[in-house]
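J.: There's a structure below that I have some questions on.
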Amino acid sequence: MIEFKLPELGENIEQGDLVRLMIAPGSTVSAGQSVMELETDKAVLEVPSSVSGTVQQIHVKEGDKIKVGQVIFTVENGAGVRSAPEIAATVAPTEPVGPPVAASQPAGSPAPSSAPSTPASAPAVERAERRAQPQVASEFKLPELGENISQGDLVRLMIAPGTKVSEGQPVMELETDKAVVEVPSSVSGVVKEVKVKEGEKIKVGQVIFTLEGGAPVQAETTRARNAPVEHVSGQHGARLAFQAAIRAEGKTEEQALPPDQPRPASPVFSMPLQLGKVAGTEHRQAIPAAPHVRRFAREVGVDIYEVKGTGPGGRISEDDIKAYAKALLSAAATAAQAPPRAGYFAQPQLPDFAKWGKVERVSMRGVRRKTAEHLAEAWNTIPHVTQHDRADITELEQLRARFAPKAEEAGGKMTVTAIALKVCAAALKVFPQFNASIDIEKEEIVYKQYINIGVAADTDRGLLVPVIRDVDKKNIVELAVELSQLSKKARDKKITPEEMQGGTFTITNLGGIGGVGFTPIVNHPEVAILGLSRSRMEPEWINGKFEPRLILPLSLSYDHRLIDGADAARFLRWIAEAFEQPFLLSVQG
Amino acid sequence: MSETTNLNIAVVGGGPGGYAAAFLAADLGMTVTLIDPEVNPGGVCLYRGCIPSKALLHVAKLVEESHQAKDWGIEFAAPKINLARLRSWKEGVVKKLTGGLGILSKQRKVRYVQGRAEFENSTTLRVTKTDGAEEVLSFDRIIIATGSRPAIVPSLKLDTPRMMDSTGALNLEDIPGSLLVVGGGYIGLELGSVYAALGTRVTVVEMLSGLLPGADRDLVLPLHKRLEKMFEGILLNTTVAAVQDEGTGIRATFEGADVGVSEAKPHEKVFDRVLVSVGRKPNSEIAGLEKTQVQVGQRGFIQVNKQLQTDDLAVYAIGDVVGEPMLAHKAMHEGRTAVEAIAGHKVAFEPNAIPAVVFTDPEVAWCGLTETQAQNENREIKVAKFPWAASGRAITLDRPEGMTKLLIDPQTERVLGVGIVGVGAGELIAEGVLAVEMAALARDVAMTIHPHPTLSETVMESAEVFFGTSTDIYRPKRG
Ligand SMILES: Cc1cc2nc3c(=O)[nH]c(=O)nc-3n(C[C@H](O)[C@H](O)[C@H](O)COP(=O)(O)OP(=O)(O)OC[C@H]3O[C@@H](n4cnc5c(N)ncnc54)[C@H](O)[C@@H]3O)c2cc1C
């Protein structure tokens, strides 16, 4: 058995009046825990225990004058007697076993009524009990409204069958003989049946409404949190109401209200400076950053809660924000590059080719790599379909021959590609969806009011696609000249990036090499590409007999997201027919 | 921001929120109209709130100190109170400040319209001017700053000048022999203190178990003890069930567990006057508001986001009308934030600490985290307290009952909250706010040299207490 005696309180302080005892027989005390408040002629002091254990007997009572050295109480199973006592200047963790400071009553106010009860441990026990039996609520009963209030008149119902209620949301106004109180729900769910009517007298415990399958309620916090909201009587009323309101409005996270307050119905704030409850501020814990740093973060679009502070105590500086923003940016940049590269490069691990013979490794940087990335992306994002057709260009060939000297004069070469440019430009005017792009993010189709056609050129650097602008506004000779110039530039490595941008459609001609057809890959973000293969003389069944005709195989690959198969067939047929009736073109060109 | 500075904005309500917003808007180049029924800007705070109450509390403190001076060997005769003079001094203070705001409006070319505004739509106001004229004005943005008014308890409504709200009490019509203050919040205690100092027998009734509900109990205790001496009675856990006008006074009937247990806790009593200070209600019942998209929450507060913007994109709202805490400095900060948001700045109302001050004697002040809140949130904190009995300055003032405490995060040792009770606590708390906002560590506070001998040292010393090294307190080592 260990005794706790009143320790030295300070210079020239020999005694004090015991204004409040914070323990009772049976309480568990630990060293450092405040056990009483003593009023000396200088100040009111909180006296911490220097012993730990279960309080056995208390030798003093409130109102007594107590002298330094006098025995205050004894403990059983005492442990950890502290070497020396401490006075009021304590550093105590806020979760003491006994009553926390905030739960204390002002001295001079009535002492907790029944003297031998244990104010210290009672709430804890009660809490434990409540915690042990979480209730599953399928109905809402009128909770306790406060001391001596057993009933009230229902002045206003705020719910009806079908209403969604959530915990803490006010569901009715009750007029007691003291005031009008707003009663918040302690349950969440959808109201099934309302068992009361406006104007009725309602008793504590009476069922107000039932729920369609109620949600389990953590009783411990619920009780305090959902104590009726007294909004017209008491300075705090408005505050309480405010809390209920923001809860109901779902603006902030709910917070349990003090379970250790002497009365369950006192979750009140004279001037509540719980910032989580201030309108417009969501409840996040105060961030360790000076105000200007927080504003800076906002300005640069950084969520400061994501930033790790490098200062003492995790304090976040402006530099931390900058570093974070930089990291974000570069991460974003890498991410932007990553998918195509991943799309192309991410493939199963390569075998050791050298096992089977000699190999040479050559850098893939430059055009090859760009092409690889670009095509892989196009292939990955665009659902490709290729439509094949054939155009009889026997007549066109004559036209070409006629125009050839003219083109040559002008410094160009009259090729099938040059003619195809003219044909496609005309076709794109008739079928604008082939001259479009898809903006998936905005969910929009971008129709271009201009016709710029790229022509794939085979160079020793790889595939390049110079773009000829406003094709529809140029005649065939002009197109032939421009095409020749651009192709030469491409081969001579003189082409500028600008000259390869802004295309709306692409033509690729492999006819110079051979082949009967192929499936070109759409040049993203365009939606279609026309492939030309080698034209050859073929027997065509015309007017009851086979005739030798010059046939050009056409392959149109298109983005099936935007273009339907039938449209593609029509578009390609239109092109084929245009090739077949060059007369049309000469009229237009 | 150049493209936004020519915005035309209206501010409805000329309180601290309203005029702070209007002035900043003008400074940013906007065209500003400020509308309020009073002759000059000021609102509740200047006309019938913070300012007149603080003027009277200053006088109350002087009277109290003159009594205490006896202990120091100086004896004054009982004060003779010239009520008319006191009133006109208080009114002079109000005039000086509100007049000053009027001049500041003019200098900034804010158009001040004396009248009441109602909404025609989101961007149009109909203003009924005090001189009777009407004007319909259109704006790009409107800021609602209509504030709040005293809450009324239906059962405490009596048609007699003996029943007062805070506005009536500040009018100081007479010095009643006895006064019942209903509501032990800060307004009731401040005004109760004024009347007590002037000689009125004051009784405070509080429904809950302590004064200043919500404030940490250890901060309230010293105030409670002093008020017990100043007031005739402090009735806790008590409500006023009924009031009755008896012509010569008001009979109040009390209810509560302790009522009737002793002579000091009577069932009923007659008072010369009654002050009802049970809270404040937001002025959100603005005519025509339903013609906008503005949403009013169930408790009457206008709903806003962190930019103080309502559900109507053209309408912002600030101050008491948007929610707690209903304090002038919160209103002003919100007003400025709203204007910056309107000007296109990326801002938000997101303080880490808003100070609260109760201007009683001793004063009670706190900011940031409170112990009560920490318990509610189950947050582990450490509390370092410095009792003013160990402060030289407090002893020279003969006011050793104060206490300063820091709430500290045990992991980072960051100062999360500060609580102070004692003379001048309202001034001292500013350092606490700065510490919390700057994310100061207890060590920062402890290592900052504070002037000696001042009460401000208690802030530094409480940080030292945290480390067990306070100069003025002996604290034996643990273990
Ligand atoms: C006795 C007392 C003491 C106080 N002490 C303090 C203190 O010490 N510290 C502190 O921080 N706070 C104190 N307050 C609170 C403080 O007064 C308020 O928080 C503050 O005034 C709120 O400012 P506001 O701008 O939101 O509105 P208010 O100051 O309430 O101003 C609103 C203005 O809008 C006007 N208005 C309303 N409707 C309309 C309309 N339709 N058209 C035009 N105008 C309209 C009103 O007439 C009023 O002038 C005290 C309050 C009281 C009552």
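J.: Please identify every one of the trypsin sites (Lys or Arg not before Pro) in segment A:429-486 that sits in a loop by DSSP and has no more than 13 other beta carbons within 10 Å of its own beta carbon.
T.: Values: sites: A:Lys429, A:Lys442, A:Lys448, A:Arg461, A:Arg469, A:Lys473, A:Lys474; in loops: A:Lys442, A:Lys448, A:Arg461, A:Arg469, A:Lys474.
Those satisfying the criteria are A:Lys442.
J.: State, as an integer percentage, the relative contact order of chain B based on alpha-carbon contacts under 8 Å between residues 6 or more apart. If you can, show how the numbers build up before the last one.
T.: Details: 1021 pairs, mean separation 68.0, N = 479.
Value for chain B: 14 percent.
J.: Distance cut-off 26 Å, Cα to Cα: go down the list A:Lys442/B:Lys306; A:Lys141/A:Lys197; A:Lys192/B:Lys306 and report the pairs above it.
T.: Numbers: A:Lys442/B:Lys306 28 Å; A:Lys141/A:Lys197 14 Å; A:Lys192/B:Lys306 36 Å.
Violating the 26 Å limit, Cα to Cα: A:Lys442/B:Lys306; A:Lys192/B:Lys306.
J.: How many Å² of accessible surface get buried when B and A come together, counting both sides, probe radius 1.4 Å, rounded to the nearest 100?
T.: Interface between B and A: roughly 8200 Å².
J.: Per 0.36 nm of contour for each residue apart, how much would the distance between A:Lys488 and A:Ser30 grow if the chain were fully extended, relative to their Cα-Cα spacing? Walk me through the intermediate numbers first.
T.: Working: separation 458, 0.36 × 458 = 164.88 nm, distance 9.19 nm.
155.7 nm is the gain from fully extending A:Lys488 to A:Ser30.
J.: List the chymotrypsin sites (Phe, Trp or Tyr not before Pro) within segment A:496-583 that fall in a DSSP loop (any state other than H, G, I, E or B) and whose Cβ has at most 16 other Cβ atoms within 10 Å.
T.: On the way: sites: A:Phe505, A:Phe518, A:Trp541, A:Phe546, A:Tyr558, A:Phe571, A:Trp574, A:Phe579, A:Phe583; in loops: A:Phe518.
Passing sites in segment A:496-583 are A:Phe518.
J.: I've got another one for you. Considering only DSSP beta bridges whose two residues both sit in chain B, what percent are antiparallel, to the nearest 5?
T.: The answer is about 60 percent antiparallel.
J.: In addition: For segment B:198-226, list whatever residues lose no less than 20 Å² of accessible surface once every protein chain is in place, relative to that chain by itself, with the probe at 1.4 Å.
T.: Those residues are B:Met207, B:Leu208, B:Ser209, B:Pro213, B:Gly214, B:Arg217, B:Asp218, B:Leu221, B:His224, B:Lys225.
J.: Roughly what would the spin-label model give for A:Lys406 and B:Asp258, points 7 Å off Cα along C-beta, in nm?
T.: That separation, rounded to one decimal, is 11.1 nm.
J.: If you consider only alpha-carbon coordinates, what radius of gyration and Dmax does chain B have, in Å?
T.: Considering chain B through its Cα atoms, Rg and Dmax are 24.0, 79 Å.
J.: State which stretch of chain B is the longest one without any exposed trypsin sites (Lys or Arg not before Pro), exposure meaning a DSSP loop state and at most 14 other Cβ atoms within 10 Å. Please report the intermediate quantities before stating the final value.
T.: Details: sites that count: B:Lys80, B:Lys109, B:Lys157, B:Lys346, B:Lys477, B:Arg478.
With a cap of 14 other Cβ atoms within 10 Å, the longest stretch comes to B:158-345.
J.: Continuing with the same structure: Work out the FRET efficiency for A:Leu328 and A:Lys370 from their Cβ-Cβ distance, taking R0 = 25 Å, and round it to the nearest 0.05.
T.: Numbers: r = 27 Å, r/R0 = 1.06.
Efficiency computed from Cβ-Cβ geometry: 0.40.
J.: Once the dipole of segment A:469-543 is set up with Lys and Arg at +1 and Asp and Glu at -1 on Cβ about the Cα centre, which of A:Ile542, A:Leu486, A:Val471 lies farthest towards its positive end?
T.: Going by the charge dipole, the pick is A:Leu486.
J.: Beyond 28 Å between alpha-carbons counts as too far, so tell me which of B:Lys80/B:Lys265; B:Lys109/B:Lys330; A:Lys61/B:Lys265 fall in that bin. Numbers along the way, then the final one.
T.: Details: B:Lys80/B:Lys265 32 Å; B:Lys109/B:Lys330 25 Å; A:Lys61/B:Lys265 23 Å.
Violating the 28 Å limit, Cα to Cα: B:Lys80/B:Lys265.
J.: Take the alpha carbon gyration tensor of segment B:79-126, find the square roots of its eigenvalues, order them as a ≥ b ≥ c, and report rounded if a/c is under 1.5; if not, report prolate when a/b exceeds b/c, else oblate. Please report the intermediate quantities before stating the final value.
T.: On the way: a/c = 6.30, a/b = 2.29, b/c = 2.75.
The shape class here is oblate.
J.: Next up: Express the accessible area of segment B:374-479 per residue in Å², computed with a 1.4 Å probe while the remaining protein chains stay in the model. Walk me through the numbers on the way to the answer.
T.: On the way: 4140 Å² over 106 residues.
About 39 Å² of surface per residue is accessible.
J.: For labels at B:Glu380 and B:Lys109 in the simple 7 Å Cα→Cβ model, what's the distance in nm?
T.: Simple spin-label model gives 6.0 nm for this pair.
J.: Another question, then. Just in segment B:193-263: which chymotrypsin sites (Phe, Trp or Tyr not before Pro) are loop by DSSP and have at most 10 other Cβ atoms within 10 Å?
T.: Numbers: sites: B:Tyr195, B:Phe231, B:Phe254; in loops: B:Phe231.
Those that pass, being in a loop and sparsely packed, number zero.
J.: Once you've got the Cα coordinates, tell me which of B:Lys61/B:Lys382; B:Lys229/B:Lys269; A:Lys195/B:Lys157; B:Lys157/B:Lys291; A:Lys164/B:Lys281; A:Lys406/A:Lys448 are over 24 Å apart.
T.: Pairs exceeding 24 Å: B:Lys61/B:Lys382; A:Lys195/B:Lys157; B:Lys157/B:Lys291; A:Lys164/B:Lys281; A:Lys406/A:Lys448.
J.: Roughly how many percent of the accessible protein surface of chain B is carbon and sulfur, given a 1.4 Å probe and a whole-percent answer?
T.: Working: 9600 of 18370 Å².
Exposed carbon and sulfur together represent 52 percent of the surface.
J.: Can you tell me which aspartates and glutamates have their Cα less than 14 Å from the Cα of B:Lys90? Leave out same-chain residues fewer than eight positions away.
T.: In chain and number order, the partners are B:Glu173.
J.: In whole Å, largest first, what are the principal axis extents of the Cα atoms in segment B:78-160?
T.: Here the spans come out as 59, 44, 23 Å, largest first.
J.: Now for a different question. Among the lysines, select those whose C-alpha is under 22 Å from the C-alpha of A:Lys493, and discard any that sit fewer than 8 residues away in the same chain.
T.: Cα-Cα hits under 22 Å: A:Lys370, A:Lys413.
J.: OK, next. Check which residues have an amide H placed less than 5 Å from B:Glu120's amide H, if you skip close sequence neighbours.
T.: Counting only residues 5 or more places away or on other chains, the set is B:Leu125, B:Arg126.
J.: Identify all lysines with a Cα-Cα distance to B:Lys96 below 18 Å; exclude those on the same chain that are fewer than 8 residues away in sequence.
T.: B:Lys54, B:Lys106
J.: Report ³J(HN,Hα) in whole Hz for each residue of segment A:463-477, in order, from the Karplus equation J = 6.51 cos²θ - 1.76 cosθ + 1.60 where θ = phi - 60°; Gly and Pro get x.
T.: So the Karplus estimates, Gly and Pro as x, are 7, 10, 10, x, 10, 9, 8, 6, 4, 5, 9, 10, 8, 4, 5 Hz.
The values are calculated or read from the model by the stated rules, or taken from the named source; none is laboratory data. In this text the structure is predicted, and so the values were computed from the model without any measurement. With ideal geometry, Cβ positions are generated from the backbone for all residues, glycine too; neighbour counts draw on all protein chains shown. Accessible surface areas use protein heavy atoms only, side chains included; no ligands, DNA or RNA. Shrake-Rupley method; radii C 1.70, N 1.55, O 1.52, S 1.80 Å.
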